[in-house]
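Report on the following structure.
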Amino acid sequence: MRRRDFIKLSGGVAATWPFAARAQQRAMPVIGVPSSQSPGMRPDLLRGFHQGLKETGYMEGENVTIEYVWADNQDRLIAELVRRQFAVIVAIGLPASESAIKATTTIPIVFTVPTDPVKLGFVTNLARPTGNATGIHFFVAELAAKRLEILHELLPKAARVAVLINPAEAAIAATNLQGVETAASAMGLKIEVLNASTTSEIDAAFATYVRERFDAFFIASGVFFLARASQLATLAIGHGVPAIFAGREWAEAGGLASYGTNFTDMRRQAGIYAGRILNGAKPADLPVTQSTKFELVINLKTAKTLGLKVPQTLLVAADEVIE
């Protein structure tokens, strides 16, 4: 069949649809989901979001449409979402959330951020947010102290720890450092901060680590480092560096260990809030919720490659041991 004939046929069929059915199709709400991460990175995260929607009565393609925006230029793309007046915007991560908050004061927003949204200026009160935004505070940077404790348990003889932060993500970097510095002082560890905002600076940071002969590497949380999980894990293994990371992505890529929020459950919470808003709830009436599920992942294969014996206490406590 020729393309012109197909267009004619499609138009003819559409013209015979009952008016009510077409009206129902037009009325299907659309959720805009901007993120700086590709959906191909973690399909289980999308499953979490879909599960949350399902729990509130929504199924993609049946009674709701979801349009994903995956790119680094959040401001431009979110401006496009605002122009199209979607029913709700679910912003994944801090860059997307910041752009969404700046872009609109009318479209409901469900943000997901790794640091305190009050300090970020997104809301004035966690229990009763004002305006058009509410969301999930998923505790990544705030878990920095716990991650350093786990690293110290893995390497009890370590005395000097390099801490890699991305200064371009200032709020996340500051919260990571605050937690690490407090924990390091309590444990008698000496830390040195290394900066990286580009892939070449990550390479340079590892070269500095090797040259300065640090005992362990603490990799801060953040979107930039998450997008480069494979590079970071590969460099750590290649240089024989014991490192701890903020989420399972790094451990799955070959990093020694990770401790952080269960992101699948966090996305499920975001899906629930999006569904509740579609059902008529106002963002101002939905308190900012905080993640409660955290996971420790140990890559035992990497530990063996590095010649490390993982304490039994950590193996028992781990949510997953990669062998």
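Remarks
- FRET efficiency, 1/(1 + (r/R0)^6) with R0 35 Å, evaluated for residue 127 and residue 197 via beta carbons: 0.50
- Debye equation applied to the C-alpha atoms of the stretch 141-246, log10 I(q)/I(0) at 0.17 Å⁻¹: -0.69
- Residue (of 256, 143, 49) at the positive-pole extreme of the chain, dipole from beta-carbon charges: 49
- Volume per residue for the chain equals 164 cubic angstrom (convex hull of Cα atoms).
- Candidate lysines - alpha carbon under 18 Å from residue 119, same-chain residues fewer than 8 apart omitted: 102
- Looking at the stretch 241-293, the trypsin sites (Lys or Arg not before Pro) that sit in a DSSP loop and have at most 15 other Cβ atoms within 10 Å of their own Cβ are 293.
- Note on the chain: dipole from Cβ charges, positive end direction compared against 186, 162, 117; the farthest Cα belongs to 117.
- Among 294, 283, 241 - extreme Cα towards positive end, dipole of the stretch 225-323, charges at beta-carbon: 283
- For the stretch 106-188, alpha-carbon Rg relative to the globular expectation (2.2 N^0.38 Å, N residues): 1.36
- Straight-line cross-link reach from residue 301 at under 20 Å between alpha-carbon atoms covers these aspartates and glutamates, not counting any fewer than eight positions away in the same chain: 153, 215, 249, 252, 319, 320, 323.
- Backbone N atoms of the stretch 134-166 closer than 14 Å to the 7 Å Cα→Cβ label point of residue 239 belong to residues 161-165.
- Only Cα pairs under 8 Å and 6+ residues apart enter the sum, and on that basis the relative contact order of the chain stands at 19 percent.
- Placing +1 on the Cβ of every Lys and Arg and -1 on the Cβ of every Asp and Glu, with no other charges, gives the chain a dipole of roughly 880 debye about its Cα centre.
- Per-pair calculated FRET efficiency, R0 = 51 Å: residue 153 and residue 105 via Cβ, rounded to 0.05: 0.65
- Distance between the modelled labels on residue 60 and residue 30, one decimal in nanometres: 1.6 nm (7 Å Cα→Cβ projection).
- Calculated mean residue ellipticity, 222 nm, the chain: -13500 deg cm²/dmol, from DSSP H runs (n ≥ 4) at -39500 (n - 2.57) each, averaged per residue and rounded to 500.
Where a number appears in this text, it was derived from the coordinates with a stated rule and is not lab data. What you are looking at is a predicted structure, and each value in this text was computed from that prediction instead of being measured. Positions of Cβ are backbone-derived with ideal geometry, glycine not excepted, and every protein chain shown enters the neighbour counts.
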